[in-house]
Amino acid sequence: MAGIVWGFIPPGGLVAAVPRAARPPAADLPWLSVRDQRIVDPEGRTVLLRGFNDDALLHYPWRTAAPLDESDAELMSRGGFDVVRLPISWDRIEPRRGVIDESYVDQVAATVARLGRHHLYSVLDMHFFPGWGEAFYAGTAPAWASVPLVPNVSWFHLDPFDKATNPASIAAEAHFFVSPDWQADFFRAWQAIARRLAGSSDLAGYDLYNEAHPFPVPPRLFEQWYLWPLYQHAIEALGAVDPNHLFIVESTLFADEPTAIVPLRAPDLVYSPHLYTGALVPKVLSPGSHPIADSIAGRQREAALLPAALWFGELGINRNRADAAEWTDDALQQLDDANSGWAWWEWRLPGSWGIRDQAGDHLDLDFLRHLARPYLRAAPPGVTATGADGVRGRLTIDVPAGGTAMPIVVSWPALTQPPPVVSAAGCSLQSHYDPGGTLTLQVGGSSACSIQLTAA
């Protein structure tokens, strides 16, 4: 109850006005929308988006991002995943103020199309690192988005995240949230992307601003007066050129503290917190016997207050930690219980946070088995799943009395498991297995039905 009191600001909510329009025919993947706080396909089936972040389109001032090629898309698809969250860079869209780099927009659109051909949705995330922008060797705000006369001081020897405590970068990011003219540029950059992709059903949606944080404005005041109005205006700006996709808003990044919610009415709204409880956020900051479950439950309350569908856009852990597999199994089980999708940080990255190395020479299949859990990719109303196990290859699906005429689509990790053995009690069943990573089930009969999937 305390989380609800903290997380809700009572004044009247906000409304993002977005014109409605008929969507063009779907391409490789069906269009997505939000209904009753669920991401759904045109048939009304609940769609779980589960996959990876990949930073191929992101501008790092200090290194070159690894490519995202056809082999990456094929591997993720065969692993049973169906989404890639793609961080993109404002400084690459608008490197000079008022000038859009159309070649970068082309690159973004080409990446979305490549993933779509492999039956992977894309989520575009306007990404920000600690440190705000290019002027402070951080990315991804353009170099011109800086405030003059503020000391540009690095605290490297005192603060390993020195970019986040640089007075000049703090001033620039704070100015953005109070500056209508900088925000207008930000919206125009988003619109340049949205115009190009408005007709693509391979794109799931737009993640508007990565990991906003309140400092130096106090929490609650930041959310009420700056964060939620920014989201409202961004949705309206995007919706004016593209009303066809999901609008994804994030929680704040302030350790593991809750985000104060201002109700926001907008079509196809998704709430996307990040889950690093016990991974990046120390356990001491997450008291209680079940910190991951408690964190997810708090985010569920926040999503309900908006209201919006819930999707965790980032979670992850250093694979070299002794408890990495245990943390991962716990986190993904709790997300199963919450019926939430997620995107792991990340797919192809040097070091111990990536599943595939930067050169593409090594794929950590042992750890991937913990992530590649069977799940309901498209589930008709009332159909549920339990007992997901990617290491052993197991899933139980329950169909309520009355049955379902719609097909059930299951993501099955063909990359890490043999084809599934399918058995059913209480119904007749037809199944079609695609070694590309899906199993389609057609249930007959009107009695309650239990379907068991096990690796052959």
Original post:
What value, in deg cm²/dmol to 500, does the helix sum -39500 (n - 2.57) over DSSP H runs of n ≥ 4 give at 222 nm once divided by the residues of the chain?
Top reply: -7500 deg cm²/dmol
Original post:
Could you give the length gained on full extension between Thr384 and Lys283, defined as 0.36 nm per residue of separation minus the Cα-Cα distance, in nm?
Top reply: 33.2 nm
**OP:** Could you run the Karplus curve 6.51 cos²θ - 1.76 cosθ + 1.60 with θ = phi - 60° over the range 401-411 and give me ³J(HN,Hα) per residue in whole Hz, x for Gly and Pro?
**Re:** 4, x, x, 8, 7, 7, x, 9, 10, 10, 7
**OP:** Show the residues, 5+ positions off or on another chain, whose built amide H is closer than 5 Å to the amide H of Val15.
**Re:** Arg265
Original post:
If you count, for each residue, the other Cβ atoms within 10 Å and average over each peptide, how do 94-101, 81-88, 123-130 line up from highest to lowest?
Top reply: 81-88, 123-130, 94-101
Original post:
What number comes out for the charge environment of Leu363, summing +1 per Lys or Arg and -1 per Asp or Glu over other residues with Cβ under 9 Å away?
Top reply: -2
Original post:
Around Arg97, what is the net charge, scoring Lys/Arg as +1 and Asp/Glu as -1 over all other residues with Cβ under 15 Å from its Cβ?
Top reply: -3
Original post:
Over the chain, what is the percentage of antiparallel beta bridges among all DSSP beta bridges, to the nearest 5?
Top reply: 50
Subject >> Euclidean distance between Cα centres, the range 261-281 to the range 346-384, Å >> reply: 21
Original post:
How far is helix 180-197 tilted off the main Cα axis of the chain, in degrees rounded to 10, range 0 to 90?
Top reply: 30
Original post:
Amide H to amide H, which residues 5 or more places from Leu49 or on other chains are under 5 Å from it, using H placed in the peptide plane?
Top reply: Gly341, Trp342
Subject >> Added length on full extension, which subtracts the Cα-Cα distance from 0.36 nm per residue, Gln430 to Arg321 >> reply: 35.0 nm
Original post:
Using θ = phi - 60° and the Karplus curve 6.51 cos²θ - 1.76 cosθ + 1.60, what whole-Hz ³J(HN,Hα) does each residue of the range 166-173 get, with Gly and Pro shown as x?
Top reply: 6, x, 5, 6, 4, 5, 5, 5
Subject >> Summed side-chain charge close to Pro374 - residues other than Pro374 whose Cβ falls under 15 Å, Lys, Arg +1, Asp, Glu -1 >> reply: +1
Subject >> Separation of alpha-carbon centers, the range 177-249 and the range 417-442, rounded to whole Å >> reply: 40
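Take the Cβ-Cβ distance between Trp62 and Leu149 as r, set R0 to 30 Å, and report the resulting FRET efficiency rounded to the nearest 0.05.
0.70
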Original post:
Quick one: what does P(r) look like for the chain with 20 Å bins over all Cα pairs, in whole %?
Top reply: 25, 60, 15, 1
**OP:** With r as the distance between the Cβ atoms of Phe215 and Arg265 and R0 = 22 Å, compute the FRET efficiency 1/(1 + (r/R0)^6) and round to 0.05.
**Re:** 0.15
Original post:
Which values of log₁₀ I(q)/I(0), to two decimal places, follow from the Debye formula for the range 346-443 at q = 0.10, 0.11, 0.14 Å⁻¹ with a uniform point scatterer at every Cα?
Top reply: -0.33, -0.39, -0.58
Subject >> Backbone HN-Hα couplings from phi across the range 336-349 [Karplus 6.51/-1.76/1.60, Hz, Gly and Pro as x] >> reply: 4, 4, 7, 6, 10, x, 6, 9, 6, 9, 8, 7, 10, 7
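All of the numbers you see were taken from the coordinates with simple rules; none came from a lab. Everything quoted here is computed from the prediction, not taken from an experiment. Please note: Cβ atoms are built from the backbone with ideal geometry, for glycine as well, and neighbour counts cover all protein chains shown.
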